[in-house]
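> Sharing a structure below in structure tokens format, with a few things to ask.
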Amino acid sequence: MILAKKLKTKKNKYTKKNTIMKKSNLFIFILFFIGLFSFSKKTFAQCNQFKKWVPEWKQQKYKRANTAQNASYLNQEEKQFYYFLNLMRLNPSLFAETFLDKCTDWNTANSLGYVVMFGEDTKKLAAELKRIRPLSAISPMREECILTACYNKNEKCETFQVSGTSSAMYYENTGMRLLMTILKSQSNSQAKQILLSNKTTYFGISILPTLQKGETSARLTKFDGKVLEIKENQDTDETIDDYTEAVTQSNQKLDIKPYQKEFLEIVPEWKNSKYNIAYTAQNTSYLTENEKLVYYYLNLARINPSLFAETFLVKYTKWNSHEDLSLSDYYTGSLYRTMKNMKPVGVLSPQKNLFEGAKCHAVSSGKAGYVGHSRLPNSGCISNFYGECCSYGQFDALKIVMQLLIDSGVKSLGHRKICLSNKYKTLGVSVQPHKTYRFNSVLDFGK
């Protein structure tokens, strides 16, 4: 009896000790989980504040990455996508050494919050990025992003701009996770090529909540520009008319307002009747509606440069284009300062002989794929202007005017100086198809 009691006591002590050990192990596991979660959360916070622990990213040149900062048509996650993508493009090697190595929590995480490591995949991607030369930053394009959002909502999105698309669908809730997912994707290399290509000038991005609570749908879409070809026995003006009609219909379906109407809504000052003098080409029968608007926007810039800078220029930099058009950029910023300080100059009026000379050069240049001011041999075109500006790659009137005013990459700022000079009183404008750049515009100025 005594022996049995001793054994029972010993067994009770062992059971009690075992229970304490289990509780201790459970407590340690809970502490480990909390620590892991805290570390993950801390690392995530560090990634959001990467400039603090990677001084190199503080450099002024990396501000160029923020091309989507003022894009009012994008949400915060979509802007973030462009930002981190541009950091990667501007310095692929530094991106690999910092974001890929230290921000592992961006890769992906399971439902419990555990960080899922992509050891070999991460190493391969890092090695690939370190071999890539720096690329230029990409800016969002308003129309493409609106169209991508349309596709993301599973709506019917007919548009003239699409002759073919490469589109990828993801389920990611942040811009950074979406970027990492695309970069590591083994099944959709096409989307990755778009992001890492030096030929990519624009694409659409959309990150939207789905019908399922808590789920997010993200879409990246690359639109192939429709190449304009002048049909046999078809005049270039007919080609432009067909294209203009297609543009109008597409914008109506996507609910994209024409610039003119939108600016009248957001800037009441432009509604003042005194600005009606900008419509110098309104009743000119030989000009297309788009060509008439070139006169309109250019005249607005000339009769009230300061207001134009505060409205059209500022808003346009938010919509962006193919290049970095933030006001911190040298060319855009210098245009803003110039227009804020310059005195108004007179309007430009249409002159038919200048138009005929501009059209002849635009048509012959377009068919030959030529770029330049010299008249081509056997074209029959004459130079009857005092100043000339040629624009390539743009069709929309405001984009043509903005391209010439900003004059990005032109050290002399020759186009800007001509457009804003008080020496010129008359103008001929012609927008025509171009074999290489889709469109070319010739603006011939007279005194």
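The values are calculated or read from the model by the stated rules, or taken from the named source; none is laboratory data. Since the model is a prediction, treat every value here as computed from it, not as a measurement. Glycine also receives a Cβ, built like all others from the backbone with ideal geometry; neighbour counts cover every protein chain displayed. Accessible surface is based on the protein model in full, side chains and every heavy atom, while ligands, DNA and RNA are left aside. Shrake-Rupley method; radii C 1.70, N 1.55, O 1.52, S 1.80 Å.
> Of everything in the stretch 366-398, what is surrounded by fewer than 16 Cβ atoms within 10 Å (Cβ to Cβ) and closer than 19 Å to residue 243 by Cβ? Give them in sequence order.
369
> Tally up the residues in the stretch 117-176 that are open to solvent by 40 Å² or more (accessible area, probe 1.4 Å), modelled with pLDDT of 80 or more, under 29 Å from residue 318 (Cβ atoms) and of a type in the set (A, V, I, L, M), please.
Selection size over the stretch 117-176: 1.
> A further question follows. Exactly one of (1) touching a helix residue (DSSP H, G or I) at 6+ places or on another chain (Cβ under 8 Å); (2) modelled with pLDDT of 95 or more is unmet by residue 357. Its number?
Here residue 357 meets the rest and fails (1).
> Sticking with this structure for a sec: Between a residue in the stretch 142-160 that is of a type in the set (Phe, Trp, Tyr) and any residue that is open to solvent by 20 Å² or more (accessible area, probe 1.4 Å) and at pLDDT below 80, which pairs come within a Cβ distance under 7 Å, given they are 6 or more apart or on different chains?
Pairs that qualify, where the first residue is of a type in the set (Phe, Trp, Tyr) and the partner is open to solvent by 20 Å² or more (accessible area, probe 1.4 Å) and at pLDDT below 80, are 151/167; 160/226; 160/246; 160/247.
> Kindly list, by first and then second residue, each pair from a residue in the stretch 393-421 that is at positive phi and in contact (Cβ under 8 Å) with a residue 40 or more places away in the chain to a residue that is part of a helix (DSSP H, G or I) and open to solvent by less than 20 Å² (accessible area, probe 1.4 Å), limited to pairs with Cβ atoms under 8 Å and residues at least 6 apart or on different chains.
Between residues of the stretch 393-421 that are at positive phi and in contact (Cβ under 8 Å) with a residue 40 or more places away in the chain and residues that are part of a helix (DSSP H, G or I) and open to solvent by less than 20 Å² (accessible area, probe 1.4 Å), the close pairs are 407/335; 407/416; 413/334.
> Additional query: Those residues that are over 17 Å from residue 441 (Cβ atoms) and acidic (Asp, Glu), I need them from the stretch 341-377; list them, please.
Across the stretch 341-377, there are no qualifying residues.
> Within the stretch 201-222, restricting attention to residues that are in contact with a Phe, Trp or Tyr (Cβ under 9 Å, 6 or more places away or on another chain) and at pLDDT below 75, which residue is most open to solvent (accessible area, probe 1.4 Å)? Show your work before the answer.
Restricting attention to the stretch 201-222, the residues satisfying the condition of being in contact with a Phe, Trp or Tyr (Cβ under 9 Å, 6 or more places away or on another chain) are 202-207, 210, 215-222.
Applying the additional criterion that residues be at pLDDT below 75 yields 210, 215.
Values: 210: 45, 215: 89 Å².
Per the criteria, the residue is 215.
> Out of the residues in the stretch 173-197 that are among the polar types (S, T, N, Q) and in contact with a helix residue (DSSP H, G or I) (Cβ under 9 Å, 6 or more places away or on another chain), which is farthest from residue 138 (Cα to Cα)?
So in the stretch 173-197, the residues among the polar types (S, T, N, Q) come out as 173-174, 181, 185-190, 193, 197.
Still in the running and in contact with a helix residue (DSSP H, G or I) (Cβ under 9 Å, 6 or more places away or on another chain): 173-174, 185-186, 188.
On the way: 173: 21, 174: 19, 185: 21, 186: 24, 188: 21 Å.
Restricting to residues being among the polar types (S, T, N, Q) and in contact with a helix residue (DSSP H, G or I) (Cβ under 9 Å, 6 or more places away or on another chain), the top hit is 186.
> Can you tell me how many residues within the stretch 415-438 are open to solvent by less than 30 Å² (accessible area, probe 1.4 Å), modelled with pLDDT under 95 and under 26 Å from residue 330 (Cβ atoms)?
Of the residues in the stretch 415-438, 0 are open to solvent by less than 30 Å² (accessible area, probe 1.4 Å), modelled with pLDDT under 95 and under 26 Å from residue 330 (Cβ atoms).
For (1) buried (at least 20 other Cβ atoms within 10 Å of the Cβ); (2) acidic (Asp, Glu), each residue gets a yes or a no:
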residue: 58; (1), (2): no, no
residue: 71; (1), (2): yes, no
residue: 74; (1), (2): yes, no
residue: 78; (1), (2): yes, yes
residue: 87; (1), (2): yes, no
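> Another question, if that's okay. Name the residue, out of 359, 318, that is basic (Lys, Arg) and under 19 Å from the mean Cα position of the chain (by Cα). Give the derivation first.
Values: 359 fails: under 19 Å from the mean Cα position of the chain (by Cα).
After applying the criteria, what remains is 318.
> Considering only residues that are farther than 26 Å from residue 144 by Cβ and open to solvent by 20 Å² or more (accessible area, probe 1.4 Å), look in the stretch 304-321 and name the one that is modelled with the lowest pLDDT.
Result: 310.
> Another one. So, in the stretch 364-396, how many residues would count as being touching a His at 6+ places or on another chain (Cβ under 6 Å) and not in a loop (DSSP other than H, G, I, E, B)?
The total comes to 3.
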